[in-house]
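The next block holds one structure in the form of structure tokens; read it before the comments.
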Amino acid sequence: MIRVSDEVRDASSVVALETTLVAHGFPPGEGVEVGLASEAAVRQGGAVPATIGVLDGEIVVGLTAEELGRFGADARKLGPRDIAAAVTQRAVGATTVGGTLAVCRAAGITVMATGGLGGVHRGWPTPPDVSADLQALASTQVLVVSSGVKSLLDVPATTELLETLGVPVLGYRTDDLPLFYAAHGGPPVSARVESADEAAAIARAHWKIGGGGLLVGRPPDDSLDDAEPLIERALAEAAALGVRGQAVTPFVLAYLHRESGGRTLAANRDLIVGNARLAGAVAVSL
């Protein structure tokens, strides 16, 4: 049921990459370019990329460029609960962070890179929406490099839940969790790290005492400190139109990209690639 590419199978340092951002995080066609740029950045960090998705009745760990091109807007969005159905029904399925972590657990991959982690949605418990990413991270021995959690979420509530779940939140050269587009302004991290080696050392120690996943928050290189008003308007528009559940994130991202004149699109692309590069270095250290 799981097909691992020869390169990934033979590699000593591997970084998992999701496919939801390829299919649903960018305008049509651009997601594939970002996915390929992320793979190149992992290689720059010294590791081998393993982009994960479901195709033709298989979970594929290490998609080819041609296969990656099949992940368009019509691909199913796969959290941990959805993978088995997509495989059985031979659907094209793009894995979320949580879905990718589920595959990492099965394939023995210990580092992942993404843009932002899912979490507690604003207004909780109305709607009662908490991403499956959090439980998947807590139960999987994987270090995830991201620019904090997704910008449309309740970041303080998400970090509180991560604490409850026992997930270390490390700040890469920062004392506060990045706010995705913005480099600073989030809650304090549980520990600051100055290098990929230090993050890897903490991961090894955490796993030796039976811990699960870790989150490393890397601030974006170019901070958009004026994104919050746009995010609030995007969420209000989504609520007015009845957009709910897994459809909220792609709706909000499209709104932000359009209304910011492409500034959030460029920032999103750059932070994803930067996170992949750092994850490559962490994987080599591990």
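Is the C-alpha gyration tensor of the range 1-104 telling us rounded, prolate or oblate? Criteria: a/c under 1.5 is rounded; beyond that, a/b larger than b/c is prolate, otherwise oblate. Walk me through the numbers before you get to the answer.
On the way: a/c = 1.78, a/b = 1.20, b/c = 1.48.
Note, shape of the range 1-104 comes out oblate.
Tell me, what % of the accessible area of the chain is carbon and sulfur with a 1.4 angstrom probe?
For the chain, the apolar C and S fraction of the accessible surface comes to 53 percent.
Taking the Cα centre of the chain as origin and charging only Cβ (+1 Lys, Arg; -1 Asp, Glu), how large is the dipole, in debye to the nearest 20?
Details: 22 positive and 32 negative charges, 116 e Å.
Roughly 560 debye, rounded to the nearest 20.
Residue by residue, what Karplus-based ³J(HN,Hα) values in Hz, rounded to whole numbers, does the range 203-216 have, using 6.51, -1.76 and 1.60 with θ = phi - 60° and x for Gly and Pro?
Here the 3J(HN,Hα) series is 4, 4, 5, 4, 6, 5, 9, x, x, x, x, 10, 10, 10 Hz.
I need the shape label for the range 130-172. Rule: rounded when a/c is under 1.5, else prolate if a/b > b/c, else oblate, with a, b, c from the alpha carbon gyration tensor. Walk me through the numbers before you get to the answer.
Numbers: a/c = 1.43, a/b = 1.17, b/c = 1.22.
Since a/c stays below 1.5, the shape of the range 130-172 is classed as rounded.
Taking the chain, how much of its Cα-Cα pair set, in percent, is spaced more than 25 angstrom apart?
Counting pairs separated by more than 25 Å, the tail of P(r) holds 40 percent.
Using the alpha carbon gyration tensor of the range 114-195, what are the three equivalent-ellipsoid semi-axes (square root of 5 times each eigenvalue), largest first, in whole Å?
Working: eigenvalues 75, 44, 23 Å².
Each semi-axis is the square root of five times an eigenvalue, giving 19, 15, 11 Å.
What does the charge dipole of the range 54-113 about its Cα centre add up to, to the nearest 20 debye, if the Cβ of each Lys and Arg holds +1 and the Cβ of each Asp and Glu holds -1? The partial results should precede the final answer.
Values: 6 positive and 6 negative charges, 50 e Å.
I would put it at about 240 debye.
Per the Kirkwood definition applied to all pairs of different Cα atoms, how many angstroms is the hydrodynamic radius of the range 214-282? Walk me through the numbers on the way to the answer.
Details: mean 1/r = 0.0748 Å⁻¹.
13.4 Å is the Kirkwood radius here.
Rounded, prolate or oblate: pick one for the range 148-200, where a ≥ b ≥ c are the square roots of the eigenvalues of its C-alpha gyration tensor, a/c under 1.5 means rounded, and failing that, prolate if a/b is larger than b/c, else oblate. Mind dumping the intermediate values first?
Working: a/c = 2.21, a/b = 1.27, b/c = 1.73.
Oblate shape, in that a/c is at least 1.5 and b/c is the bigger or equal ratio.
How much area per residue is accessible in the chain when the probe is 1.4 Å and only protein heavy atoms are counted (Å²)? The partial results should precede the final answer.
On the way: 11730 Å² over 286 residues.
Dividing the accessible area of the chain by its residue count gives 41 Å².
Would you pull out the residues with amide H under 5 Å of Asp176's amide H, same chain only if 5 or more places away, H placed 1.01 Å from N?
So Asp176 has HN proximity to Val189.
Pick from Thr19, Thr100, Thr126 the residue whose mean-square fluctuation is largest in a GNM of the chain, springs joining Cα atoms under 10 Å.
The residue with the greatest mean-square fluctuation here is Thr126.
Which value in nm describes the separation of the simple spin-label points at Gln89 and Arg258, placed 7 Å from the Cα toward the beta carbon?
2.8
Got a sec? What order do Val273, Val216 fall in by accessible area at 1.4 Å, biggest, i.e. largest, first?
Val273, Val216
Against the empirical 2.2 N^0.38 Å scaling, what ratio does the C-alpha Rg of the range 171-234 come to?
Numbers: Rg = 14.2 Å, N = 64, 2.2 N^0.38 = 10.7 Å.
Taking N as the residue count of the range 171-234, the ratio is 1.33.
Report for the chain the percent antiparallel among DSSP-assigned beta bridges with both residues inside it, nearest 5.
Values: 11 of 37 bridges.
Approximately 30 percent, going by the DSSP bridge assignments.
For the range 72-119, treating each Cα as an identical point scatterer without solvent, what Debye log10 I(q)/I(0) comes out at q = 0.26, 0.28 1/Å?
Taking Cα atoms of the range 72-119 as identical point scatterers yields -1.03, -1.10.
Sequence gap at least 6, Cα distance under 8 Å: using those rules, report the relative contact order of the range 65-130 to the nearest whole percent.
Details: 53 pairs, mean separation 15.5, N = 66.
In percent, rounded to a whole number, it is 23.
The values are calculated or read from the model by the stated rules, or taken from the named source; none is laboratory data. In this text, all values refer to a predicted model and were calculated from it rather than measured experimentally. Every residue, glycine as well, gets a Cβ built from its backbone with ideal geometry; the counts of neighbours run over all protein chains shown. To get the accessible areas, we keep the full protein, side chains included, count just its heavy atoms, and leave off ligands, DNA and RNA. Shrake-Rupley method; radii C 1.70, N 1.55, O 1.52, S 1.80 Å.
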